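Asker: Pasting a structure here, questions to come.
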Amino acid sequence: MFPAARILDPITHDMTVPCGVIAPPVQGPPPNPVLIEFMPAAYVTCRCMCTGVISGGIAHPPVPDPNAQPPIIKGSLTVKICNFPAARWSPAPDVGACGVCLGDPKLAATRTTLIGG
């Protein structure tokens, strides 16, 4: 079981330094969003607004076009949100296309909604 990811949750490349946030997909949020702890749930196709920053410098340059930000490409196999796999925080294997990990492991203990699968 891993903490559920939400839109505006932090993301990180090296599990120590936050490098951005999860954003809604390009086509916008669903008409009836699923709320997790009072925030919209994140799922595969949501974007990773990533700066590329890591503790030792930079993993990749930031993408200048906000609509070209990398999407979340892997999520839960058993839990669906808007017919897409639900996204979960690290140490889940869920990732964004630029190799970013979802969530901030230092904050995982504060989360109350967990997703398996």
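Only the coordinates and a few stated rules stand behind these numbers; no lab work does. Fair warning: this is a prediction, and the values are worked out from it, not measured in the lab. Note that we place each Cβ from the backbone using ideal geometry, even for glycine, and neighbour counts take in every protein chain shown.
Asker: For the chain, give the magnitude of the charge dipole about the Cα centre (Cβ charges: +1 Lys/Arg, -1 Asp/Glu; no others), in debye to the nearest 20.
Answerer: Value, rounded to 20: 200 debye.
Asker: Using 1/(1 + (r/R0)^6) with R0 = 30 angstrom and r between the beta carbons of Ala108 and Asn83, what's the FRET efficiency to the nearest 0.05?
Answerer: E between Ala108 and Asn83, to the nearest 0.05, is 0.65.
Asker: Under the definition of Cα pairs under 8 Å and six or more residues apart, what whole-number percent is the relative contact order of the chain?
Answerer: 34
Asker: Counting residues in the chain as N, plug N into 2.2 N^0.38 Å and put the Cα Rg over that result.
Answerer: It is 0.97.
Asker: What's the ranking of 107-115, 95-103 by average number of surrounding C-beta atoms within 10 Å, highest first?
Answerer: 95-103, 107-115
Asker: Report for the chain the percent antiparallel among DSSP-assigned beta bridges with both residues inside it, nearest 5.
Answerer: Bridges in the chain are about 95 percent antiparallel.
Asker: Using θ = phi - 60° and the Karplus form 6.51 cos²θ - 1.76 cosθ + 1.60, what ³J(HN,Hα) does each residue of the range 33-47 get, whole Hz, x for Gly and Pro?
Answerer: x, 7, 9, 10, 6, 6, 10, x, 5, 9, 8, 4, 5, 5, 9
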